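> One structure, pasted below without further comment.
The values are calculated or read from the model by the stated rules, or taken from the named source; none is laboratory data. Since the structure is predicted, the reported quantities are computational estimates derived from the model, not experimental observations. Ideal geometry is used to build each Cβ from the backbone, glycine not excepted, and the neighbour counts take in all protein chains shown.
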Amino acid sequence: MCNGGGFDPAAMVAAPIMIIFILVFGVFFLAAFAFKIFLWWRIFSKTGYSGAFAFLILAPFGTLIMMCILAFSQWPVTKTPPQIQIPQIPPTAN
């Protein structure tokens, strides 16, 4: 605000404080978001899917898509491999 042609001292003090607040909040937000992606990566890896599915969180409705994948699909980690039949070799008489 103008105060007779000069600057308001309160505004000059508040501006740097707001900039610092925004920077600290931004760093905290980015760290929390990176941690959230890390957690989803671990969840998808433990279910047998590629951890890269965690980046779906960046898409609109990404969390909903991830929940649907986990809820309604068969997890690769729970699939049983096909059983291999090993032929029995009869004992030889010596």
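> Is it the case that the range 21-39 has a residue that's touching a Ser or Thr at 6+ places or on another chain (Cβ under 9 Å), among the aromatic types (Phe, Trp, Tyr) and surrounded by 10 or more Cβ atoms within 10 Å (Cβ to Cβ)?
No: zero hits.
> List, please: which pairs have Cβ atoms under 6 Å, are six or more places apart or on different chains, and start with a residue in the range 34-52 that is assigned to a loop (DSSP other than H, G, I, E, B) and end with one that is modelled with pLDDT under 95?
Qualifying pairs under 6 Å: THR47/TRP75; THR47/VAL77; GLY48/TRP75; GLY48/PRO76; GLY48/VAL77.
Conditions tested, residue by residue: (1) among the polar types (S, T, N, Q); (2) in contact with a Gly (Cβ under 7 Å, 6 or more places away or on another chain); (3) surrounded by 13 or more Cβ atoms within 10 Å (Cβ to Cβ).
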site: ALA54; (1), (2), (3): no, no, yes
site: ALA59; (1), (2), (3): no, no, no
site: CYS68; (1), (2), (3): no, no, no
site: PHE72; (1), (2), (3): no, no, no
site: TRP75; (1), (2), (3): no, yes, yes
site: THR80; (1), (2), (3): yes, no, no
site: ILE86; (1), (2), (3): no, no, no
site: PRO90; (1), (2), (3): no, no, no
site: ALA93; (1), (2), (3): no, no, no
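> Could you check, for the range 59-80, whether at least one of its residues is among the aromatic types (Phe, Trp, Tyr), closer than 19 Å to LEU30 by Cα and either part of a helix (DSSP H, G or I) or within 12 Å of the chain's Cα centre (by Cα) (or both)?
Scanning the range 59-80, I find no residue that is among the aromatic types (Phe, Trp, Tyr), closer than 19 Å to LEU30 by Cα and either part of a helix (DSSP H, G or I) or within 12 Å of the chain's Cα centre (by Cα) (or both), so the answer is no.
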